[in-house]
Every structure is written in C-alpha cells, then in structure tokens.
Amino acid sequence: MLEADVTANGNNFLFFGTTYLPGWKAYIDGSETKVHKTNYGFIGLVVPKGKHKVEFIYEPKGFEIGKDLSLALNLLLFGGIAAVFFINKKNSRKVKLENA
C-alpha cells in the first residue's frame, strides 16, 4: 500500500514510480478513482484541487482466488482427517465390545 497526503493547486496528475500491474486500486479520501498507466509502465492518477489523502492498494484478482481456494482445500483436508479419526475411534469401540 502506498499513501500520500497531497495538496493540489488544480486538477493535477500524481505519478508514482511503481510498476503498473492489473490489480492496482487508487483512493482519494476513501473514494475509489481510476489508476492510469503512465510512462509505459508506472501508476498515476488525477488529483482534484485541495488537500487529499491518496492511497494506492495492490489487490490482484488471482491472489483472492488463490486464497479462497487454499482455504477451501485446507478445510476439506482437515475435515477428512477428522472424519477418519472419528470413524476409526468408533470402529475400535465396536471391536472392544464384541470381544468382551
């Protein structure tokens, strides 16, 4: 995340020397605004006149998909391990009762 407190005399263009990639989002005073690709590969945005808090946040779509998929597969894995544990425990009780 990149943050800056900016004072603009008019509609100014703010340039950051950070590589442009899909997934960059920009906010001015908490409201989302368009991120522009500048100088063949950096990020920038138009800042209106006045004092503003500018934020750039990198939120790639693939990361969110990967995070959700990883969570789902981990829940499935641990659920399967728990199921096997409880089934084996239940079956071992039946064997003890039958042998008694």
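In the set 73, 97, only one residue is of a type outside the set (Phe, Trp, Tyr), modelled with pLDDT of 85 or more and assigned to a helix (DSSP H, G or I); that residue is 73.
May I ask you to list the residues in the range 1-20 that are under 24 Å from residue 64 (Cβ atoms), hydrophobic (A, V, I, L, M, F, W, C) and surrounded by 12 or more Cβ atoms within 10 Å (Cβ to Cβ)? If the condition is that a residue be under 24 Å from residue 64 (Cβ atoms), hydrophobic (A, V, I, L, M, F, W, C) and surrounded by 12 or more Cβ atoms within 10 Å (Cβ to Cβ), then 2, 16 are the ones that fit.
Are any of the residues in the range 38-59 at pLDDT below 90, farther than 16 Å from residue 5 by Cα and assigned to a helix (DSSP H, G or I)? No: zero hits. State all residues of the range 31-55 that are without any contact (Cβ under 8 Å) to a residue 40 or more places away in the chain and among the acidic types (Asp, Glu); if no residue qualifies, say none. Answer for the range 31-55, where residues must be without any contact (Cβ under 8 Å) to a residue 40 or more places away in the chain and among the acidic types (Asp, Glu): just 32.
The values are calculated or read from the model by the stated rules, or taken from the named source; none is laboratory data. Given the structure is predicted, the values throughout are model-derived calculations rather than measurements. Reconstructed Cβ throughout: ideal geometry from the backbone, glycine too, with neighbour counts over all protein chains shown.
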